[in-house]
1. Please determine, by comparing only the residues of the range 278-293 that are surrounded by fewer than 24 Cβ atoms within 10 Å (Cβ to Cβ) and at pLDDT below 95, which one is farthest from residue 201 (Cα to Cα).
2. Could you grab me the full set of residues in the range 293-310 that are touching a helix residue (DSSP H, G or I) at 6+ places or on another chain (Cβ under 9 Å) and either free of Cβ contacts under 8 Å to residues at least 60 places away in the same chain or not in a strand (DSSP E or B) (or both)?
3. Mind listing whichever residues of the range 165-198 are part of a strand (DSSP E or B) and over 15 Å from the mean Cα position of the chain (by Cα)?
4. Restricting to the range 261-291, and then to whatever is in contact with a helix residue (DSSP H, G or I) (Cβ under 6 Å, 6 or more places away or on another chain) and outside any helix (DSSP H, G or I), can you tell me which residue is nearest to residue 211 (Cα to Cα)?
5. If residue 106 satisfies every condition in (1) buried (at least 20 other Cβ atoms within 10 Å of the Cβ); (2) without any contact (Cβ under 8 Å) to a residue 24 or more places away in the chain but one, which is the exception?
6. Could you tell me which residue of the range 230-244 is nearest to the chain's Cα centre (by Cα), considering only residues that are touching a residue at least 40 places away in the same chain (Cβ under 8 Å), over 18 Å from residue 263 (Cα atoms) and part of a strand (DSSP E or B)?
7. Do we find that residue 177 is at positive phi, touching a residue at least 12 places away in the same chain (Cβ under 8 Å) and either out of contact with any helix residue (DSSP H, G or I) (no Cβ under 7 Å at 6 or more places or on another chain) or crowded, with 19+ Cβ neighbours inside 10 Å (or both) in this structure?
């Protein structure tokens, strides 16, 4: 069978993979090391030129360096606010993006190197600039796992339900759902524009979800616990087409200690959201705005590469 031109199979090494310390440690471990390299380091491209699969386009515009700017290409409005709470070792610094979308589909997604697959990564700011983003955050880092339902810009790329996901519909609404109770085809048919597969869901019906401080995601080798005081990225909905995203800096004493999952959910409840979902965090947590980093990853301004972003064009 002839391989379609947008399906590729070459494999190479990625910088992000080597940052997963456990995988590096296993390199010298014979069969176990080979497995770790293949699973967490070596690139496994599946769909090249992924953007050709969807019709959403970006348009380059000049955006004024103000705290509020109109994304002229989409009719959406984005504003970003920095918030500092507490003092000393208890200081928490986070960034709130208020997204007033002209259409639900104005919230777009992009992959590192415009390629869907495992262990293919780039900095959030690099992916954002390549796609003409006014504003962006890191996504769910789908490329570090081989499970979950992955729909981006209305196109299904993976259909292996495994956990609680977030569905972003074309009408600009967010909903929590059980990946194992449906499939990618049904979700696309129902008007789902994106799915995110990380979690947990933090807010439902305007209230903090009970038990989220006990949930772990991706507890396999090489992963950091999502519990405790951590840098975090999340997305929430106040109303249809009115979304908020929050990025919390962390792991930096005196600048920002990070927040627990329940504290993170509380930030969203305070913003008036009806539903909110936790995305990839830790060193991946980044907010980009107006051609620069808005957040300060790990208090050092140093990004950690990821596989995907959510963005609004500028």
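1. Per the criteria, the residue is 283.
2. 297, 298, 302, 303, 304, 305, 307
3. If the condition is that a residue be part of a strand (DSSP E or B) and over 15 Å from the mean Cα position of the chain (by Cα), then 169, 175, 176, 177, 178, 192 are the ones that fit.
4. This residue is 276.
5. Going through (1) buried (at least 20 other Cβ atoms within 10 Å of the Cβ); (2) without any contact (Cβ under 8 Å) to a residue 24 or more places away in the chain one by one, residue 106 breaks only (2).
6. 243
7. no
The values are calculated or read from the model by the stated rules, or taken from the named source; none is laboratory data. These numbers come from a predicted model, not from an experiment. Methodologically, a virtual Cβ is constructed for each residue, glycine included, from the backbone with ideal geometry; neighbour enumeration extends over all protein chains shown.
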